[in-house]
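A short worksheet on the structure shown next.
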Amino acid sequence: MTTPLAIENLSMRFGAVTVLPDVSFEVAPGECFGLVGESGSGKSTILLCVSMLLSGWEGRIAIGGRAVRDMSLMERCRSLQMVFQDPYGSLHPRQSVRAALSEPVRIHRLGDVDARLEQVMTDVGLPVSFLDRYPHQLSGGQRQRVAIARALILEPSILLLDEPTSALDVSVQAEILNLLQRLRAEKGFTCLMVSHDLAVVDYMCDRFAVMQHGEITEILPRSAILPNAATHPYARQLIDASIAYENAM
Amino acid sequence: MTTPILEVEDLTIRYRGAPQPAVQGASFTLGRERLGIVGESGSGKSTVGRALMRLLPTAEIGAARMQFGRTDLLTASERQMRALRGNRMSMILQDPKFSLNPIRRCGEQIAEACLAHERMSKRAAKDRALAMLEAVQIRDPQLVYDRYPHQVSGGMGQRIMIAMMLLAGPELVIADEPTSALDVTVRLEVLKILDGLVREKGIGLIMISHDLNLVRNFCDRVLIMYAGRVVETLDAAELDNARHPYTRGLLAAQPRIGGSRDPLPVLERRPEWTRPMEGTA
Ligand SMILES: Nc1ncnc2c1ncn2[C@@H]1O[C@H](COP(=O)(O)OP(=O)(O)OP(=O)(O)O)[C@@H](O)[C@H]1O
Ligand SMILES: Nc1ncnc2c1ncn2[C@@H]1O[C@H](COP(=O)(O)OP(=O)(O)OP(=O)(O)O)[C@@H](O)[C@H]1O
Ligand SMILES: [Mg+2]
Ligand SMILES: [Mg+2]
């Protein structure tokens with residue numbers, strides 16, 4: 001199997017400021033890979049580069065061995081999809097759930113629109129009747145499910161998740177995390193997920209990278225969290241702080 | 001508890017055109033302490049916060065009492081409210097980026113807030129703004145000063161809002177998810193700043209959050225809201241002994257470091273949960 005996602009010497013600048021000097025890592029097939037670290041360290045920027053929502057970067061990003069730069073927009077959309085942090089901003093307010101979900105199916109001429117819509121609603125645990133609702137008629141968690149449904153309807157091989165549950169309360173977070181784990185097992189896609197919560201990373205991810213100032217300080221397996229097996233001082237500090245935060249401040 | 005800063009009795013809020021009130025019969029008092037409000041998405045937490053600031057143009061607010069110091073928040077004129085907001089009472093909003101002006105540099109907006117509160121030169125206002133950015137742990141204040149809101153990360157936007165709030169020296173701060181976009185180490189620093197305000201300046205702090213670790217460890221007391229009602233009030237240290245099934249369900253749904261990877265328990269919501277627990281104040 002080829003590597004689903006490989007990032008080599010990725011660098012990104014905004015004007016005179018280098019946000020990502022030189023980032024490289026690979027994600028294994030079916031893996032959920034976490035990105036954690038300092039606020040402003042470039043986690044969201046990496047996802048934006050991978051998805052080509054930012055294009056001014058240098059280096060090489062490949063999905064299944066194909067450079068994302070060489071892919072057409074259509075091909076890229078079928079290979080990777082992104083779920084953003086904010087379930088309120090990510091859906092068009094005047095677009096019904098049906099419209100939001102059928103648009104990509106039609107653009108990519110997949111056919112069988114109704115059957116696909118029903119299937120994806122069932123996959124994300126929403127009643128099919130919700131297809132005729134508008135975003136303001138849904139709770140935050142339901143909107144995030146719709147955003148995930150829209151990302152999954154093209155059956156991408158890679159899902160990019162930017163803090164997918166940080167705007168949600170813990171009970172809804174639990175529903176979304178369970179959903180992602182179940183779908184990952186069923187459909188076998190690969191995930192790259194940004195999170196501030198190491199408990200979520202421990203639950204979801206196999207490995208994770210700890211970032212600071214645009215650089216990866218260390219890549220660790222999930223099992224390194226509880227005993228704090230990190231060696232880089234910042235990674236150690238972050239894990240210690242997270243464990244302390246969970247137990248008592 | 002010390003003399004209350006804020007007293008709220010039987011607060012009911014209905015958005016225009018909504019079939020049901022978004023908040024119903026909420027009562028609580030706030031002293032010089034940290035009061036947490038937790039509850040699921042849509043339970044009415046932000047609505048309570050905005051009602052206290054009277055920032056709800058499309059809603060009807062009713063209450064037996066809503067008293068902030070000597071001001072009756074139910075009858076205060078819009079002019080009186082304008083004088084209070086951003087001065088004696090401040091709110092850190094849930095979506096920091098939407099509360100900043102998108103076409104002005106972040107630092108200029110803070111400096112402008114300085115000038116609104118105190119007479120000082122432009123130069124002094126800029127220095128003050130830079131100092132505030134440093135106080136909220138922004139590593140390169142000059143760089144962030146010159147950026148537009150869309151050019152800062154989620155966590156930076158939140159800290160810029162906190163910096164603006166700090167300038168005013170308020171007596172009551174309502175913080176709506178103030179740290180959810182921050183990494184844990186910066187989060188602890190920001191909480192320390194808020195804590196300092198309560199301890200040293202004696203402010204009252206309302207902390208709206210769905211982070212149970214945060215309210216357990218950082219707050220003094222916690223209100224639990226469900227479907228627009230306050231269903232339980234607890235000492236924060238007693239959170240793990242909560243009795244309401246909704247609160248217990250929330251605690252169980254939280255993943256933990258080193259915990260099991262089995263599906264997380266999710267809430268089975270029950271209609272009777274909207275009734276407050278007997279014996280909770
Ligand atoms: N359009 C832009 N122009 C200039 N600088 C930008 C722009 N977008 C992001 N930045 C800067 O790039 C850096 C990385 O931002 P990014 O959003 O990737 O951080 P992050 O790790 O996701 O942080 P957070 O955890 O707070 O979301 C920050 O310093 C930010 O200010
Ligand atoms: N402007 C509005 N007009 C009509 N209904 C509204 C308005 N704002 C909020 N609501 C409704 O009022 C209820 C309470 O919303 P509120 O924003 O207070 O919830 P919350 O507890 O802060 O949730 P979250 O954790 O998602 O921020 C929800 O059902 C919401 O849909
Ligand atoms: Mg980000
Ligand atoms: Mg809210």
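The values are calculated or read from the model by the stated rules, or taken from the named source; none is laboratory data. Keep in mind it's a predicted model, so treat the numbers as computed, not measured. For neighbour counting, all protein chains shown are included, and Cβ atoms are generated from backbone atoms with ideal geometry for every residue, glycine included.
Here are the numbers for this structure:
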read-out	value
Sole residue being within 16 Å of ligand 4 (Cβ to nearest atom), within 15 Å of residue B:107 (Cα to Cα) and in contact (Cβ under 8 Å) with a residue 24 or more places away in the chain, chosen from B:161, B:207, B:165	B:161
Test: residue in the range B:68-76 that is under 30 Å from residue B:13 (Cα atoms), out of contact with any Phe, Trp or Tyr (no Cβ under 6 Å at 6 or more places or on another chain), touching a residue at least 60 places away in the same chain (Cβ under 8 Å) and more than 16 Å from ligand 4 (Cβ to nearest atom)	yes
Qualifying position, being surrounded by 20 or more Cβ atoms within 10 Å (Cβ to Cβ) and within 15 Å of ligand 2 (Cβ to nearest atom), among B:26, B:18	B:26
Residue among A:42, A:56 that alone is farther than 20 Å from residue A:79 by Cα, surrounded by 24 or more Cβ atoms within 10 Å (Cβ to Cβ) and more than 16 Å from ligand 4 (Cβ to nearest atom)	A:42
Subset of the range B:43-60 (residues that are touching a helix residue (DSSP H, G or I) at 6+ places or on another chain (Cβ under 7 Å) and within 13 Å of ligand 2 (Cβ to nearest atom))	B:56
All helices (runs of 4 or more DSSP H) inside the range B:139-256 with 3 or more residues being closer than 30 Å to residue B:84 by Cβ and out of contact with any Pro (no Cβ under 9 Å at 6 or more places or on another chain)	B:141-145, B:154-168, B:184-201, B:212-218
All positions within the range A:161-171 that are buried (at least 24 other Cβ atoms within 10 Å of the Cβ) and more than 16 Å from ligand 4 (Cβ to nearest atom)	A:161, A:164
Conditions (1) within 16 Å of ligand 3 (Cβ to nearest atom); (2) crowded, with 22+ Cβ neighbours inside 10 Å: number failed by residue B:178	(1)
Candidate set from the range B:1-30 (those that are closer than 21 Å to residue B:217 by Cα and at pLDDT 95 or above); member that is farthest from ligand 1 (Cβ to nearest atom)	B:29
Close pairs from the range A:53-75: first closer than 17 Å to residue A:24 by Cβ, partner assigned to a loop (DSSP other than H, G, I, E, B) and among the aliphatic types (A, V, I, L, M), Cβ under 8 Å, at least 6 apart	A:63/A:71; A:68/A:52; A:69/A:52
Matching option when the condition is within 13 Å of chain B (Cβ to nearest Cβ), surrounded by fewer than 21 Cβ atoms within 10 Å (Cβ to Cβ) and within 27 Å of residue A:140 (Cα to Cα), among A:35, A:48	A:48
Residue satisfying all of: in the range B:131-174; at the interface with chain A (Cβ under 10 Å from one of its Cβ atoms) and within 16 Å of ligand 2 (Cβ to nearest atom); modelled with the lowest pLDDT among these	B:154
Qualifying residue in the range B:64-75 (condition: of a type in the set (Ser, Thr, Tyr) and within 16 Å of ligand 2 (Cβ to nearest atom))	no
Only one of B:49, B:36 that is away from chain A (no Cβ under 14 Å), in contact (Cβ under 8 Å) with a residue 60 or more places away in the chain and closer than 20 Å to residue B:171 by Cα	B:49
Tally, over the range B:92-106, of residues that are more than 19 Å from residue B:178 (Cα to Cα) and modelled with pLDDT of 85 or more	3
From B:151, B:109, B:137, residue being within 22 Å of the chain's Cα centre (by Cα) and either within 13 Å of ligand 1 (Cβ to nearest atom) or β-branched (Val, Ile, Thr) (or both)	B:137
Leading residue by the ranking (farthest from the chain's Cα centre (by Cα)) among those in the range B:115-134 that are crowded, with 21+ Cβ neighbours inside 10 Å and over 30 Å from residue A:54 (Cα atoms)	B:125
Filter result for residue B:209 (under 24 Å from residue A:35 (Cβ atoms), within 14 Å of another protein chain (Cβ to nearest Cβ), within 16 Å of ligand 2 (Cβ to nearest atom) and small (Gly, Ala, Ser))	yes
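Residues checked against (1) free of Cβ contacts under 8 Å to residues at least 40 places away in the same chain; (2) of a type in the set (Val, Ile, Thr); (3) within 30 Å of residue B:215 (Cα to Cα):
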{"position": "B:79", "(1), (2), (3)": "yes, no, no"}
{"position": "B:105", "(1), (2), (3)": "no, no, no"}
{"position": "B:116", "(1), (2), (3)": "yes, no, no"}
{"position": "B:139", "(1), (2), (3)": "yes, no, yes"}
{"position": "B:142", "(1), (2), (3)": "yes, no, no"}
{"position": "B:148", "(1), (2), (3)": "no, no, no"}
{"position": "B:155", "(1), (2), (3)": "yes, no, yes"}
{"position": "B:177", "(1), (2), (3)": "no, no, yes"}
